[in-house]
Amino acid sequence: MKKILSKIFRFVFGQKIYVEKVSKPYVIKLQQEGRFGGKIAIVTGGSGVIGRAIAYRLAAEGAKVYVCGSRPLSAQPVVDEIRKDGFDADVLGFSILDENSTIKAFQAVVQKEGRIDFLVCCAGGGAREEMKPFIHQNMDVIDSVLNTNLRGSIMCTREACKQMVNQKKGNIVIISSTVGICGMPAYSEYAAAKAGLMAFVKSIAMELGKDGIRINCVTPGIVERGTIDDVKLERIHKTNWLNDYGKPEDIAGMVAYLYSEEASFITGQNFIVDGGRSLGLKNN
């Protein structure tokens, strides 16, 4: 069924509600209007389901958000959506697989804005249709998954930290996956990349905390992508202890918290947002 979007916005006691005809409401609970005013945020993977929700959330709370995509056309609809609702966003097109492209993109933001306050590393993904058991997997596929999920995030973090060290302040959130905690058959390269990010976060937190930089990891479980029918919903319910499914705004809300003053003494941690999926075996 073709996905039809119809947006309705209304404010009720600081809550912004986004209604999508083919899915449940997209709800943003604004804790403090404009609390990220004047902040400059970069969101990689901003055209994806989670990245889009994070980009919108940060913009709705006052930040200027650079929505990144390897193809500018993929990020433009997200920027258009944010701007249409009166918030500030721009496209930042570059490839996280290309070092020179990444360096130039971050330098361009610094040259224009003079600072980088927030970085969200959300770009990534598994092998998808090329997924195979490990012993049959091609090394070029393994390299691609490792480079996209691990190397790309490391490189973006390095470039953001160059500026953050100079300004003696900065905040980074890297999006991982519960697959990096528990593993999953036929996802070995993806699991390795996501687990690597968790260790990377701890090391950077120890290394750059003295420079006023905080870095944390947010680890989603199964998150709604598109329409969820009753059969799929029942299957998802069986994967976690809350008998529910994650929504993109659940991840965006955790990211926003980690960027807030309430989280100012938190760094190097992994926040799991998975309905308890990673707690242990669930038989029904």
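The values are calculated or read from the model by the stated rules, or taken from the named source; none is laboratory data. Predicted model only: the values in this text are computed from it and were never measured. Counting neighbours? That spans all protein chains shown, and the Cβs are built from the backbone with ideal geometry, glycine included. Only protein heavy atoms, including side chains, enter the accessible area calculation; ligands, DNA and RNA are left aside. Shrake-Rupley method; radii C 1.70, N 1.55, O 1.52, S 1.80 Å.
If you run the Gaussian network model on the chain, springs between alpha carbon atoms under 10 Å, then out of 39, 64, 210 the most flexible one is 210.
Provide the per residue accessible area, probe 1.4 Å, for the chain, rounded to a whole number of square angstrom.
Normalised by residue count, the accessible surface of the chain is 50 Å².
Extension gain, residue 282 to residue 210, is 21.7 nm, computed as 0.36 nm per intervening residue step minus the present C-alpha separation.
Label separation (residue 168 vs residue 113): 2.1 nm, computed from points 7 Å beyond Cα along the C-beta direction. The magnitude of the dipole of the range 54-200, with charges of +1 and -1 set on the Cβ of Lys/Arg and Asp/Glu and taken from the Cα centre, is near 420 debye.
Taking only C-alpha pairs under 8 Å that are 6+ residues apart, what is the relative contact order of the range 123-232 in percent?
Taking the mean separation of contacting Cα pairs over the length of the range 123-232, I get 31 percent.
Tell me, in nm to one decimal, what length is gained between residue 184 and residue 233 on full extension, where the rule is 0.36 nm per residue of separation less the Cα-Cα distance?
That works out to 15.6 nm of additional length.
When the chain is treated as a GNM with alpha-carbon contacts under 10 Å, the residue of 158, 115, 128 showing the greatest mean-square fluctuation is 128.
Using a Gaussian network model of the chain whose springs link C-alpha atoms within less than 10 Å, name the residue from 172, 228, 272 with the highest mean-square fluctuation. Result: 228 has the largest fluctuation of those listed.
Given points 7 Å out from each Cα along the Cα-Cβ axis, report the residue 104 to residue 132 separation in nanometres with one decimal. Here the modelled spin labels are 3.5 nm apart.
Rolling a 1.4 angstrom probe over the range 216-268 with all protein chains present gives an accessible area of which 55% lies on carbon and sulfur atoms. Under 5 Å from the amide H of residue 272 lie the amide H atoms of 219, each residue being 5 or more positions distant or on a separate chain, with H modelled from the backbone and absent for Pro and chain starts. Expressed as a whole percent, the accessible surface of the range 25-171 that belongs to carbon and sulfur atoms is 50, based on a 1.4 Å probe.
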